[in-house]
Amino acid sequence: MADRYIEPDTPELRARWGNFAWTPENAEKAKEVVARYPEGRQRSAVMPLLDLAQRQVGAELNTQGWLPIPVMEYIAAYLDMPIIRVVEVATFYTMYNIAPIGRFHVQVCGTTPCMLRGSDDLLATCKSRGMKKGHISEDGLWSFTEVECMGNCASAPMVQINDDNYEDLTSDRLNAVLDALARGETPKAGTQDPARHTVEPVGEPTNLAAMITENHDYRSEW
Amino acid sequence: MPKVKVDGVEIDVPTGATVLQACELAGKEIPRFCYHERLSIAGNCRMCLVEVKPGPPKPQASCALPAAEGQEIRTDSEMVKKAREGVMEFLLINHPLDCPICDQGGECDLQDQSVAYGRGASRYDENKRAVTEKYMGPLIKTTMTRCIHCTRCVRFSEEIAGVDEIGALYRGENMQITTYLEHAAKHEMSANVIDLCPVGALTSRPYAFEARPWELKKTLGIDVSDATGANIRIDARGREVLRVLPRNNDDVNEEWISDKARYMVDGLTKRRLDKPFLRRDGKLVAVNWNEAFAAIATLNPGNSIAAVAGDMVDCETMFAAKKLVGALGSKLVEGRQTGMDYATDNLAAVNFNTTFSGIETADAILIAGSNVRWEAPLLNVRLRKAVKRGAKVFLVGPEWETTFGGEFLGEDLSVLGNLPQNVADALSNAKRPAVILGGAALGRGGLEAGLALAAQFNLVRDLEDGTKWNGFNVLHMAAARMGGLMLGYAQKGGIADLIAAKPKVLLALGADEVDFTKFADSMIVYIGHHGDKGAHAADVILPASAYTEKAGTYVNTEGRVQWADKAVFAPGDAREDWTILRALADAFGVSVGFDSFDQLRNAMIKEVPALGSEGLADYGSVLPNGGGSAAGQIAYPIKDFYMTNPIARASAVMQRCSAEILHGEDLAEAAE
C-alpha cells in the first residue's frame, strides 16, 4: 500500500478522460445517491459517486476500473466541492484505484489466519502466473495486491477478486478460479471447498455437540 | 463556570473551555502541535496528554476534552511524563535529525518540546520514512519528510483563508500534505501556514538559509502595504531587513499578515534612492547633499509650493512637510494622489467605524466598490468569520472570487440608490447592519449615496446590550490615508486644486501614483526611497527612508493610531524624511519650529491630539447627510495584488508571485 500513488496528470490522461461524463443510467443513479443527503450536504455523496465513477471507467475499459484525475475533477464539480477534498477521499480508501488496473484485481490476504492456512502458497501461485505487486500482467487481465485481513478468517485462506471473495483456497483451487475467470466464466463465489457449504465447521462439530439436534442445558455439567 | 483542580489547585474555568485551556489558566504549560487557538480542534498529535479524573485510567488529549465540574487534572504525574515521552518518541520516529540544516531550527516547536518533554534518545533503528518535496508556490518551501501531520496548514487554508487548496493525501504513515497537483497556493494569506507549521516542513522560500532567529534584531513595526495597519515584527541583521512576521493583535490582524506585507521586504534593498539627484539637461545626475540643497535654495518658491503625500508615509513626515509648506505661506497639501475629492470635514464619514473586530459580528453587510481580498486581505478574513456566524453579504462591483459567498448585485454605482428588495429587507431587518465602501465607490457620488444608506437603514444605533454600533465604513487602501486626512492632507477639490494653483515647487513625499504630467511647470522635489514613478518625474530627488528605517505614527483605516519603531538605517546617503524636511526649511530660509524628532512629534500631537495616544481616534458617530445619486461603472483600482506600491514593485519575490500566481507563467523552478 505504500506504493499507492496518483497517476500523474499528463496531457494524454487529460485527452483520454477530460470529457468524462455520466452515462445516462449512471446519471440517474448519481442523482438518486445525491438525493439521499440533505440539501446543501450533497458532498456527503462523494464516496458512492467515486465508486460509481470507478465502475463506469471499469465498464469502459473492461477492467475493475480506476479514478483518473479528470474523473475526480468531474465528481468535484458535480458535487460543487473543492477537488482536493475529493482526492483526499480517493487516496485514503484503498478500494478506490488511483492508478490503472487490470481486468481482475487479485487481492490475496496475508494476515495471520490466512498465512497459517497457507496463503504463502497462494502468493507463490500468483507469482508463478506472472502477477507482481503493483503491476498489470501483460495480457491486461491481472492486477495483484497483498492485503491485510478481509474478515474471512473462518474460511481462510481467501482471495478477493473484484467484487467477489474466494475462500478455502489451495493452490489448485485458486488456479481453477483464475483459469475460469480467464476463460470468461464466472466461478462460484465463496468457499471453494466442495465439502463445505458456507463457513460451517469442517468435519464433525467438536464444540457444543449435544446441541446439534436439540436444545441441551449444559449448566448442570459445569 | 465549572470548577476544576489542576495539579491540586482549584480554579474556575469559563463554560465551554477545554482541559488544555483550563491548564493554561492555571499557569501550566501543555505541549502541543496540532492545537491552535484560532483553528478548529483536530486532536491528532496527542502531545497534550494529561491525566484526568474521573475518566478512563489512561492519559487523555486535553485539547479535545471539555473541562467539566469537579475534574481533577494532573499535568505533573508520572503517567503524564511517560505519555509525553512516548508521544514524542513516536513523533520523532520519522522526523529527520536535520536540525542543523533546517530553517526552523531555533524557533521550532518540535525541537523545543523534545528538549523539554522528550526522553533524549530514540530506540528506533529502522529506516525513516522519506517524503518527496511538494511544490507550494514561490513563497512556501517544503521539506515534507519533516512533516508530523498536525494538519494546521490544512485547517488554516480551509477555515481562515477559505480556499481549500491544501489537503492530506493517502493515509496512516504514508499521509502526505500537499496542494492539489502541487499547484502554487493561490491566496493572499498563504504564507501564514509557514508560521503555523510547528516543524520545518513548511518554511519560507525567500528567507531560506538566510539567517538563524537568534542573529536577528527584532523591532516592532506597522505594515504599510495596505490600510489595515497590520502589526508586524521586523527581523533585521545588520542593515538589512531579512523578514517580517506578524505580531498578535486581536483588534487588527489577529495573528496573520498578507503575503505582500510579509514578502515585499526584499524590495527594500533594490532600486533604492541612496544619493541625492538633480536633473541637469533632462538627465538625473547624482550629487551630494550640499549641492542638492544649494540647488533647492535657488528655487525661491515663495508661497507657490505644494506637497503631495504618498501612500506609505508616516504622520510625522506629513506633519513636517505641512509645517514647511505652511511656513512658506501655502496651505496646499494633499494625500489623495489619484484625484479623489470626497469631503473630509467629518472624518467619521470616511472611516472604518465598525472596526475590524466589530465587523465580525455584523449580520448584514453591503460592500460597494471593493475587492476586499486584494485591498485588505485581513478584512477578508473577518468577513469570512462574519459569514460563518450567519451574516449575509451583498456586493456591488465587478465580480471577484470571494471566500465567503455573497451576492453580487451589479457593477454600477447606481445600484446603491436602487437596492433590490431582498437586500433592503436584509439590511433593515438586521440587528447589526454594515455598509463598506471601497475606494472605487467613493467618487461619482458614491460616498454620498452610501451616507444616504446609512441614514435609511439607521446604521448608527444603540444596541440592546447598551453598546454603540456604527455600521458605516470606508475601506481605504493607503496606509497614510487616515493619518493624512487627520493632518489636513485634503483640499476641497482634491489634487486638482494643486494642479490649478500651478505651484512653483511640488514636494512629492514618496508619491508615486500622481499624474506628474499635470505638474509640467512645477519643480518636482521627490523625497522618497524608491526609484519608481515619482522619481522618474522628479527634478530633484532627496533620498529618504522606507517604513522600516524610521520611527513613525500610522493611522489605519479604522482610525487606529499605531506607532512603529526604526529597525534599520537607511542605505547610503538616505536620511529620515523629517530631517530632510527640516534641512529644506533652512534651504528655503524659514523656520518650522522643531529641531528633533521628539519636538516634531510633540508639535504634531499638540496640533492633532488624537495622534498622541495609541488606539482608535474618536471621530464621533454623527454622519453627515448623504443624498444625491451615484452612477458610473465600478472599476477596482488594484490590478495586481502583488504590485501595489514601489517597495513591492522592486521586490523580486513579489514580481515572481505576480508572474506565477496571477499571470500563470510557468517558471523554471515550478517544473522541478
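The values are calculated or read from the model by the stated rules, or taken from the named source; none is laboratory data. This is a predicted model, so every value here is computed, not measured. Please note: Cβ atoms are built from the backbone with ideal geometry, for glycine as well, and neighbour counts cover all protein chains shown. Just so you know, the surface numbers come from the protein's heavy atoms only, side chains and all, with ligands and any DNA or RNA stripped out. Shrake-Rupley method; radii C 1.70, N 1.55, O 1.52, S 1.80 Å.
Side notes on the structure shown:
- Tilt relative to chain B, helix B:577-588 - C-alpha long axis, 0 to 90 degrees, to 10: 10 degrees
- A simple count of charges around B:D462, restricted to other residues whose Cβ falls under 13 Å of its Cβ and scoring Lys, Arg +1 and Asp, Glu -1, yields +2.
- For chain B, adding -39500 (n - 2.57) for each run of n ≥ 4 DSSP H residues and dividing by the number of residues yields -6500 deg cm²/dmol at 222 nm.
- Taking all protein chains as they are arranged and a probe of 1.4 Å, the heavy atoms of A:W22 leave approximately 30 Å² accessible to solvent.
- Look at where the Cα atoms of segment A:160-222 and of segment B:526-566 average out, and the two centres are 84 Å apart.
- When B and A come together, around 1400 square angstrom of accessible surface is lost from both chains combined, probe 1.4 Å.
- For segment A:92-98, 3J(HN,Hα) per residue [Karplus equation, 6.51 cos²θ - 1.76 cosθ + 1.60, θ = phi - 60°, Hz, x = Gly/Pro]: 6, 8, 6, 6, 8, 8, 10
- The Cβ shell under 15 Å around B:E29 holds other residues with a net charge of -1, Lys and Arg each +1, Asp and Glu each -1.
- Interface burial in segment A:52-69 reaches 10 Å² or more for A:I69, comparing the full protein assembly with the chain by itself; accessible area from heavy atoms with a 1.4 Å probe.
- With a 1.4 Å probe rolled over the protein heavy atoms of all chains, the accessible area of B:M340, A:M81 falls in the order B:M340, A:M81, largest first.
- Amide H contacts of A:N165: A:G190, each under 5 Å away and 5 or more positions distant or on a separate chain (H built 1.01 Å from N in the peptide plane; Pro and chain starts excluded).
- For the protein assembly as shown, the dipole from Cβ point charges (+1 on Lys and Arg, -1 on Asp and Glu) about the Cα centre works out to 1900 debye, to the nearest 20.
- Per-residue average of Cβ from other chains inside 10 Å of A:78-86: 4
- Accessible surface, 1.4 Å probe, highest first, among residues B:W214, A:W222, A:W17: A:W222, B:W214, A:W17
- Pairs from B:K566/B:K606; B:K5/B:K58; B:K141/B:K388; B:K28/B:K388 whose Cα-Cα separation, in the structure shown, is over 21 Å: B:K566/B:K606; B:K141/B:K388; B:K28/B:K388
- Of B:C102, A:C149, the residue with the largest accessible area leads and the full order is A:C149, B:C102 (1.4 Å probe).
- Atom-type composition of the exposed protein surface of the protein assembly as shown places 51 percent of the accessible area on carbon and sulfur (1.4 angstrom probe).
- Sparsely packed trypsin sites (Lys or Arg not before Pro) within segment B:489-542, loop by DSSP, other Cβ within 10 Å at most 15: B:K492
- Note on B:V555: accessible area is roughly 0 Å² with a 1.4 Å probe, heavy atoms of protein only.
- Per residue, the protein assembly as shown exposes 43 Å² of accessible surface when a 1.4 Å probe is rolled over the protein heavy atoms with every protein chain present.
- Three-way shape label, chain B, alpha-carbon gyration tensor, a/c 1.5: prolate
- Label point of B:D425 set 7 angstrom out along Cα-Cβ; within segment B:447-484, no amide nitrogen lies under 13 Å from it.
- For peptide B:156-165, the mean count of partner chain Cβ atoms within 10 Å of a residue's Cβ comes to 2.
- Gained length - B:A208 relative to B:S40, 0.36 nm times residue gap less alpha-carbon distance: 57.5 nm
- For segment A:143-156, putting each phi into the Karplus relation 6.51 cos²θ - 1.76 cosθ + 1.60 with θ = phi - 60° gives couplings of 10, 10, 9, 9, 10, 8, 2, 9, x, 10, 4, 5, 10, 5 Hz, in residue order, rounded to whole numbers and with x for Gly and Pro.
- Within segment A:98-156, antiparallel bridges make up roughly 10 percent of the DSSP beta bridges whose residues both belong there.
- Across segment B:261-268, coupling constants 3J(HN,Hα) worked out from phi with the 6.51/-1.76/1.60 Karplus curve, θ = phi - 60°, read 4, 6, 10, 6, 5, 5, x, 6 Hz, and Gly and Pro carry x.
- Label-to-label distance for B:K639 and A:A27 is 4.3 nm, based on points extended 7 Å past Cα in the beta-carbon direction.
- Estimated dipole of segment A:72-222 in Debye, rounded to 20 [Cβ of Lys and Arg +1, of Asp and Glu -1, Cα centre]: 440 debye
- Centroid-to-centroid separation of segment B:276-301 and segment B:305-362 [C-alpha atoms, Å]: 29 Å
- Label zone (B:K518, point 7 Å along Cα-to-C-beta; backbone nitrogen cut-off 11 Å) within segment B:318-339: B:336-339.
- Against chain A, whose longest principal axis is taken from its Cα atoms, helix A:171-182 shows a tilt of about 40°.
- Per-residue average of Cβ from other chains inside 10 Å of A:88-96: 3
- The calculated Kirkwood hydrodynamic radius for segment B:431-571 is 18.0 Å, given to one decimal from all distinct C-alpha pairs.
- Among the protein heavy atoms, those of A:T206 account for about 120 Å² of accessible surface (1.4 Å probe, every chain in place).
- Label-reachable residues, segment B:24-68, where backbone N falls under 17 Å from a point 7 Å from B:E10's Cα toward its Cβ: B:26, B:53-54, B:68
- Think of the protein assembly as shown as having a plus end and a minus end, set by charges on the Cβ of Lys, Arg, Asp and Glu; of B:L611, B:T269, B:L506, B:L506 sits farthest toward the positive end of this dipole.
- Chain B: angle of helix B:78-93 to the longest principal axis, Cα-based, in degrees nearest 10: 70 degrees
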